[in-house]
Structure formats: structure tokens, C-alpha cells
1. Is the range 181-191 home to any residue that is more than 21 Å from LEU54 (Cα to Cα), open to solvent by 50 Å² or more (accessible area, probe 1.4 Å) and within 16 Å of the ligand (Cβ to nearest atom)?
2. Output the residues belonging to the range 216-234 that are under 17 Å from VAL34 (Cβ atoms), of a type in the set (Gly, Ala, Ser) and out of contact with any helix residue (DSSP H, G or I) (no Cβ under 9 Å at 6 or more places or on another chain).
3. Consider ARG224 carefully, then state whether it is at pLDDT 95 or above and more than 20 Å from THR117 (Cβ to Cβ).
4. If a residue has to be without any contact (Cβ under 8 Å) to a residue 60 or more places away in the chain, open to solvent by 80 Å² or more (accessible area, probe 1.4 Å) and either within 16 Å of the ligand (Cβ to nearest atom) or among the β-branched types (Val, Ile, Thr) (or both) to count, how many in the range 1-40 make the cut?
5. Run down GLN90, GLN67 and say which single residue is open to solvent by 10 Å² or more (accessible area, probe 1.4 Å) and at pLDDT 95 or above.
Amino acid sequence: MPDALLSTRALVAHYGDFQALFGVSIDVQPEEVVAIIGANGAGKTTFMRSITGLIRNRPEMVVWKGQAIGGLRADQVAHLGIAMVPEGRQLFQSLSVEENLIIGGQMGRKGPWSLKTVQDLFPILKERRHVPATALSGGQQQMVAIGRALMANPEILLFDEISLGLAPIVIKSIYEALPAIIGEGMSAIIVEQDIAKAVSVSDRVYCLQEGRISLQGRPDELTREAISAAYFGV
Ligand code: ATP
């Protein structure tokens, strides 16, 4: 195994007295797409927020290219090349589509993604560039959120609930665009409640159940029964 790009090591997370994660350890190799699946409340969002510095941990609990980064702030993590498409998009609603994208560019590094290449990927974002983000449909807002993350030219892209609340046709088109989005040289963690979707695009799958990893493996190693048991705890 080559050295992992990103690892979590016995990651724990608390909200006050409530413990949401109990020692979660995963590895993401360079250029690997990893899916994290799990039911409502399993801890998927908490896990992603712990990686991106929105929830701070002990440094050694998150390791990026051999460096302990668990104590860094979100802006410091972004500059390392880790970007997230958050659950619920979380756009700057009063700003235009283009302004939202430009802000993403200010968070990260130089690279192939720019306003032009993002607009080439999602032409509707060029057409509607002066419109406030609130005026867009849910699917178009998701494209802005993806574009904003790409503008930072990350080495790893974290997608939290990519298909939540979107129409099936929009979900399909976003999943079809995923290979172009992730592209060569980039890794991804995809958090999904839709097991089939997650498994179809990933190299490896981890199932999170009540704050613990209950199953892991390559999609071809995991039976439907094993996934159901790990997902629902039955
Ligand atoms: P969902 O798909 O519903 O977002 P999830 O797998 O992403 O679920 P989390 O949102 O990470 O799960 O939540 C994990 C646990 O932590 C849940 O029991 C949730 O109620 C709790 N939790 C999440 N955020 C907070 C918070 N700010 N304060 C207290 N408890 C929280």
C-alpha cells in the first residue's frame, strides 16, 4: 500500500456530553474515491466536519500526507488542498453565482480550475452568473457548491450528501459529471444515504453506524446483505 493521502486515526467527536464518533479510522489513497454510507444520524456529517476543521480535534486524529492536521482551522485546512461541498450547499445567498464561485477561488490554491473551466463544466452557471444564488433551483445551487469547491483546486474533494433534496434527474446528471469533476489526480470522499449511487462511483466503501465503522471493503467484496446489516444494524 502506498502512503495514504488522508487518514483519520481513532477519530472521536463530541457535542457537549453527547459522543457522535467513537474512534473512526479510515485511509484515502491518492486518486481514490471513497464512499461513506450510513443512516440518518450515523455521524457522516460530523466526520466530514472533523476532517475540514469545522470541528477541531487532537492533531494526530487527522493526518494529511503524513502531517497531523486535526487541530487546524477550516481556512488552514482549505489551503492544504482539502475542499468540501457541504450538505445543504450553504451558498452565500445574497451574492451572485459568479461571486460565490470567486470566493471559492480565494480559499485555495492555483491549478486547472478557474471561473472559465467551472463554467465550461456547468454552462448554466455562466448563463446565470449575475443572478443571486437564491434564485437558482436546488440542482443549480448544487452545481455552484461543486464549482465553488473546485475553484480552490483541491487535491481531495469531500461531498456531503451530494443528492439530498434533489430531483432524480438532477442527481443522475451530477453523478454523470462526477468523473469530470473528480478528474485525474484528485481523490474524493463521498457521503451518501443512497447506497447504490455511492457504491457505483467509489473504489472503496466504509459504512458508518452510530459513530463507528461497521463495514469496509471494495464494492465487489461487499454483498447487499452485508451492507444492509452494517447500515441498519440488523
Ligand atoms: P444526517 O444524514 O442526518 O445528516 P449524519 O450521519 O450526517 O446524519 P450527523 O449529522 O453527523 O449524522 O450526526 C451524528 C449525531 O450527532 C446525531 O445523533 C446527531 O443528532 C448528533 N448531532 C449532530 N450535530 C449536533 C449538534 N450540533 N449538537 C448536538 N448533537 C448533534
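1. The first filter runs over the range 181-191 and keeps only residues more than 21 Å from LEU54 (Cα to Cα), leaving 181-186.
Next, only the ones that are open to solvent by 50 Å² or more (accessible area, probe 1.4 Å) stay: 184.
Narrowing further to those that are within 16 Å of the ligand (Cβ to nearest atom): none.
No, every residue in the range 181-191 fails to be more than 21 Å from LEU54 (Cα to Cα), open to solvent by 50 Å² or more (accessible area, probe 1.4 Å) and within 16 Å of the ligand (Cβ to nearest atom).
2. Our first condition is that a residue be under 17 Å from VAL34 (Cβ atoms); within the range 216-234, this holds for 216-222, 227, 230-231.
From what's left, of a type in the set (Gly, Ala, Ser): 217, 230.
Selection gives ALA230 alone.
3. Numbers: at pLDDT 95 or above: no; more than 20 Å from THR117 (Cβ to Cβ): yes.
So ARG224 does not fit the description; no.
4. 4
5. Numbers: GLN90 fails: at pLDDT 95 or above.
Only one candidate qualifies: GLN67.
Each row is one residue, and each column tells you yes or no for (1) at pLDDT below 90; (2) in the same structural domain as ILE103 (by TED's automatic domain parsing); (3) surrounded by 24 or more Cβ atoms within 10 Å (Cβ to Cβ).
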position: ALA135; (1), (2), (3): no, yes, no
position: GLN142; (1), (2), (3): no, yes, yes
position: GLY147; (1), (2), (3): no, yes, yes
position: PHE159; (1), (2), (3): no, no, yes
position: PRO168; (1), (2), (3): yes, no, no
position: ILE171; (1), (2), (3): yes, no, no
position: ILE174; (1), (2), (3): yes, no, no
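The values are calculated or read from the model by the stated rules, or taken from the named source; none is laboratory data. Bear in mind that the values here come from a model prediction, so they are computed numbers and not experimental data. Every residue, glycine among them, receives a Cβ derived from its backbone with ideal geometry; neighbour counts consider all protein chains shown. Keep in mind that these areas ignore ligands, DNA and RNA; they rest on the heavy atoms of the full protein, side chains included. Shrake-Rupley method; radii C 1.70, N 1.55, O 1.52, S 1.80 Å.
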